[in-house]
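See structure below.
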Amino acid sequence: MQHPRRPHPRSGARRPAVLVVAGLLAWAPVGWPTTAQAAGPSQSALCDGYTAGPCSLSVTTDAGAAAPGQLLRVTGEGNPGTRLVLQFYVVEFNSRGQVTGLVPSGDPVEGTTRALTGGRGTLDQVRLVPRAVPEGPSGWGFVGLADDSSLDLSTRIGQVVEFSGATLRLLGDGYADQKPVGVPLDMHAIGNVPGVGYWVEYLADDGSWTPVPGHGYGAAQRLRSSPGEISHLSYVVPADLVPGQAYRFRVNHHLNYGGAEDRPVAAPAYAEWTVVPSEHGEAGTRDEQLDPAKGPGVPDPEGPAGNDGGGPGGGGGSPAPGPGPGAPAAPQPSAPSAPAAPAPTPAPGSPPAPGAAPTSAPPASATAAPATPGQGSQGSPQPQAPGSTAPGATAPGAASPAAAGSAPATSSDPVWGEEARPLAAPRIAEAAEPTKWMLAGVLVALLATPALGVWLRRRTASSGRGEAW
């Protein structure tokens, strides 16, 4: 079986000692006293010169295994007064069981060791909450110090724990990509959520995801093993598939639905692999279980597009589950429209003006280079949103301000800074002249009214006396 972009299934037998060692690491504290080889500064501060007991970190869980949203309680021992930052990581490993990456999951949490008698220091309970890692298979996690970037877990203080999630880590079915048709195949996997139903489906020629015979939402196989133990998912390659043609297969599960077949979740997750139907198939070896004692390794080569190890939406471009497995897939959304122009940036030395066009800048790379897991990254990489543009880039069709001293623009579009602007409404102090005189006349009339009334009364009285005389 060809390798996907994420650790993926190959096939063959696994050494029993590997599982025993990995299982012991999952539930026993992994601690190293005094010396710290290739350790970060926090581990040195915690362990160097500490002779009162073992320098260690230990983890307890409420459900027996770590899972997204599941509380982890971390305690430890070492030099008193040491400030620590703890982080949960999802462990990535290759087909040989070697660690190839540590992907941060959830927020880091701080803690400080408290002084006890006899020079002892204790780390009171620190609470970590793992989160789902997009496109990250489950299986194993590691609780350690956030300032240590080493992939050699044998030199780091911390603990390896089982980790269950939405995406299985497939170890293989005993065959390469070429698999026999109509023969039961035994897919080995880890990272399952105990008791959840899983089934296998393939992308048919009509574009729909179709369950293989005996599988489906209502015929799911419930995997009851703990996430660090190997689970067995039996399936058959349909006999009506075209021999020699590569097909995309994936593991679907009930976690991708909100309690009913017609209620798919918004961000489904799958584990995918490639199947080439053939008469007899080509034997292969299965991937080995994680073995931290082997030290760090290199990731397996990536397979062709669409052979992703899983992630939201299938990772390799799998459409979200429709009303139910076997039904025609829902049409995929069209490509996002062009992004809106960024906020205008005024030219150096000039005041900002409304409606100013942004200055052009060299376009940034379409995607930022994510930090390599385990190589000093302290948080999950934040990829640029699809369809977004680099800040400062000039939108298509936007005019750029002319440089000082350059010839005027020949375009018929308005020149920046010379656009027609609407006249502002006149304020009271800027009223027109006729209005001022009218108001003044009204005021004079109001003031003169009492005097005019007195004069008219006297005039009338004088006229009356003359007539009587």
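The table below lists the values:
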{"item": "Candidate set from the range 165-202 (those that are hydrophobic (A, V, I, L, M, F, W, C) and in a loop (DSSP other than H, G, I, E, B)); member that is surrounded by the fewest Cβ atoms within 10 Å (Cβ to Cβ)", "result": "VAL183"}
{"item": "Test result for ALA271, under 24 Å from the mean Cα position of the chain (by Cα), among the small types (Gly, Ala, Ser) and under 30 Å from GLY144 (Cβ atoms)", "result": "yes"}
{"item": "Every residue from the range 267-284 that is on the phi < 0 side of the Ramachandran plot and in a loop (DSSP other than H, G, I, E, B)", "result": "ALA267, PRO268, GLU279, HIS280, GLU282, GLY284"}
{"item": "Selected residue [assigned by TED's automatic domain parsing to the domain that holds ASP62, under 27 Å from SER234 (Cα atoms), touching a strand residue (DSSP E or B) at 6+ places or on another chain (Cβ under 7 Å) and of a type in the set (Asp, Glu)] from GLU135, GLU201", "result": "GLU135"}
{"item": "Matching entry among ARG222, ARG248 (being part of a strand (DSSP E or B), assigned by TED's automatic domain parsing to the domain that holds ALA176 and crowded, with 19+ Cβ neighbours inside 10 Å)", "result": "ARG248"}
{"item": "Complete set of residues in the range 124-175 that are of a type in the set (D, E, K, R) and closer than 30 Å to ARG114 by Cα", "result": "ASP124, ARG127, ARG131, ASP147, ASP148, ASP152, ARG156, GLU162"}
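The values are calculated or read from the model by the stated rules, or taken from the named source; none is laboratory data. Quantities reported herein were computed from a predicted structural model and do not represent experimental measurements. With ideal geometry, Cβ positions are generated from the backbone for all residues, glycine too; neighbour counts draw on all protein chains shown.
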